[in-house]
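Heads up, the thing below is written out as structure tokens.
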């Protein structure tokens with residue numbers, strides 16, 4: 001067996017990775033980053049607590065694949081944010097962990113910092129931390145990421161302003177409890193089967209205090225009052241997609257929220273995934289329908305805090321072997337021209 005590797009019960013232990021604190025010391029945040037994050041975190045939190053009536057757009061590539069096009073995309077959002085700053089807060093997506101339904105395919109930059117090469121998780125952790133740092137320094141945006149692995153969150157906890165818990169993770173106890181120790185919004189997606197009660201139970205768990213084992217420590221959390229719902233559509237037993245962004249769905253979730261008596265009632269609506277059937281162009285129509293629902297009811301207006309949109313430089317998607325700059329290698333995304341037009345359209349309707 002190669003030196004430095006142990007084989008135990010079918011697992012090969014390749015190497016010991018640095019703990020988050022070690023990586024943070026190796027790649028520390030600047031005072032400027034700390035200042036930007038503190039300001040952004042408060043602005044975003046104020047939306048969830050109702051102190052601000054601004055609308056959130058969590059927007060960007062389905063998966064962050066390469067540093068250059070991702071930073072290019074985020075830099076394009078800067079002048080757009082300036083134009084809509086009175087109404088919208090943009091939170092760019094830098095999703096570096098990607099759940100795969102069958103376990104196959106590109107799992108994100110943490111696994112493969114170069115999607116055309118072999119896995120290298122140490123290099124992946126370094127590159128992901130660097131990417132988030134550069135995004136803040138170069139654009140002033142603190143960003144969102146998906147927490148696919150609860151133990152990875154601490155590698156980025158001093159950089160992120162938003163975390164999403166995926167449809168396949170929302171029922172997992174460790175994801176729920178880890179979210180309870182965050183001081184930023186944690187969005188809980190409805191599970192793939194669509195059961196809203198599962199999502200609401202996850203929010204309730206994340207808003208409470210817990211003591212549990214995390215990264216080899218006994219930890220106690222204070223609870224996260226900013227944990228909230230994300231509607232992303234569902235899939236039935238026949239594999240058919242079931243959208244849940246319609247007015248009736250929003251009203252139902254609002255009523256269920258009221259019965260649960262949860263803090264800071266809030267939902268973000270994902271315009272892609274099972275809500276669009278992964279027909280990425282439908283995101284424009286879906287966004288407009290949700291805005292119409294908000295205009296129809298003050299309850300829904302105050303409840304729906306924003307949208308999640310998958311967008312990149314080029315329309316659609318491609319395989320990892322293709323080399324189209326700024327085109328998604330996972331789910332298809334809206335291209336930049338459509339994205340820019342959509343953001344301005346949303347601002348006009350708020």
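A Gaussian network model of the chain, with springs between Cα atoms under 10 Å, assigns the largest mean-square fluctuation among 159, 17, 256 to 17.
Between residue 321 and residue 251, the FRET efficiency from the beta-carbon distance, with R0 = 35 Å, is close to 0.20. How far is helix 121-139 tilted, in degrees, relative to the longest principal axis of the Cα atoms in the chain, given as a value from 0 to 90 rounded to the nearest 10? Helix 121-139 sits roughly 40 degrees off the main axis of the chain. Shown for 213, 33: other C-beta atoms within 10 Å of each C-beta, ranked fewest to most, produce the order 213, 33.
Between 0 and 90 degrees, rounded to the nearest ten: what's the tilt of helix 336-349 against the longest Cα principal axis of the chain? Its long axis makes an angle of about 40 degrees. Angle, helix 31-49 long axis vs. longest principal axis of the chain, Cα atoms, 0 to 90°, nearest 10? It works out to around 40 degrees. Distance between the pseudo-spin-label points of residue 68 and residue 42 (7 Å out from Cα toward the beta carbon): 3.9 nm.
As a calculated quantity, the FRET efficiency between residue 260 and residue 350 at R0 = 25 Å, using C-beta atoms, amounts to about 0.35. The listed peptides 170-183, 191-204, ordered by packing as a protection proxy, come out as 170-183, 191-204 (highest mean of other Cβ atoms within 10 Å first). Considering only alpha-carbon pairs that sit under 8 angstrom and 6 or more positions apart, the relative contact order computed for the chain is 16 percent. In this structure, residue 26 and residue 82 have a Cβ-Cβ separation that, at R0 = 51 Å, corresponds to a calculated FRET efficiency of about 0.90.
Each peptide in 117-124, 129-136 was scored by the mean count of other Cβ atoms within 10 Å over its residues; highest first, the order is 129-136, 117-124. Note on segment 65-82 and segment 175-240: Cα centroid distance 29 Å, given to the nearest whole angstrom.
Taking springs between alpha-carbon atoms closer than 10 angstrom, which of 49, 139, 211 fluctuates most in the Gaussian network model of the chain? Sorting by GNM fluctuation, first place goes to 211. In a fully extended conformation the segment linking residue 204 and residue 222 would gain 5.2 nm over its present Cα-Cα distance, using 0.36 nm per residue.
Among DSSP beta bridges lying fully in segment 27-340, give the percent that are antiparallel, nearest 5. Given both bridge residues lie in segment 27-340, the antiparallel proportion sits at roughly 20 percent. In plain terms, the chain from residue 215 to residue 285 could stretch by 20.9 nm, reckoned as 0.36 nm per residue minus the Cα-Cα distance.
Quick note: the coordinates plus some simple rules give every number you see, no bench work behind them. Computed from a predicted structure; not experimentally measured. So basically every Cβ, Gly included, is an ideal-geometry build from the backbone, and we count neighbours across all protein chains shown.
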